[in-house]
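The values are calculated or read from the model by the stated rules, or taken from the named source; none is laboratory data. All figures in this text were calculated on a predicted structure; none of them were measured in a lab. When the accessible area is computed, the model is the full protein with side chains, heavy atoms only, and any ligands, DNA or RNA have been set aside. Shrake-Rupley method; radii C 1.70, N 1.55, O 1.52, S 1.80 Å.
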Amino acid sequence: VLVYGFTSAPLARRLGVAQPASQGVLFVGAHPWAREIALALQELGFQVRLADTNRLNIAQARLAGLPTYYGSSLTEGALDQIDLDGIGNLLAVTANDEVNSLTGLNFSEVLGSGSVFQLPPEDLQTASDETLVGSHLRGRFLFLADAAYWRMTARFDAGADVKTTQLTDTFGYAECLREYPDAIPMFVVDGGNLTVVTVGAGLVPQAGQTLVAIVNVPAVGASASV
């Protein structure tokens, strides 16, 4: 019984019979802005996990109350050792494009290729199809074409924040973008369903849904209508 209890969840994932409605997110990369995004999702009721090989990042994540895995996401053992209960999406958000791609490829085995995502490379806006890693060898590109790791890091270093906005008939997506013209939409929540925003998806959130985005914090004294 004990052996079955310890092995049933990993075995179920490998056999493709894990819970189909899992909406949570495994972040590969537990650096400061990954933690901020994970906390926002956790506050919305989604399961999150953060994996990293950096002890300080893991320690800071644990202090923030975030579940963690210390170790490489590229090992065969990671697929079984990381608790994926409630997890349906992987976001590879490290500074290394190759690690992000290989991580997506590794976890597509248990999560499905449509549920693994990675940050775009720094040169995505100018890259040709010949220079990009094939889509079958990587995750789907996250957020916007200019949401590469170092650009995201610069945004947060300059004071950007993660903002959760309940869209309404009077303050919808268009109004939100007027309020925050440099926003980076990341997730749309509709009830208990989480949609990850990807490059070129053309997603338009609707009234009644919740938008999670990175925004530039207004200057002191400025007002926000959200």
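For Glu98, what accessible surface area do you get with a 1.4 Å probe? Give it in Å², rounded to 10.
Accessible area, nearest 10 Å²: 130 Å².
Let a ≥ b ≥ c be the square roots of the eigenvalues of the Cα gyration tensor of the stretch 27-67; is it rounded (a/c under 1.5), or, if not, prolate (a/b larger than b/c) or oblate?
Taking the square roots of the gyration eigenvalues as a ≥ b ≥ c, the stretch 27-67 is prolate.
With every protein chain kept in the model, how would you rank Leu56, Leu111 by accessible area, 1.4 Å probe, largest at the top?
Leu56, Leu111
With a 1.4 Å probe and every protein chain left in place, tell me how much accessible area Ile184 has, in Å² to the nearest 10.
Ignoring ligands and nucleic acids, Ile184 comes out at about 10 Å².
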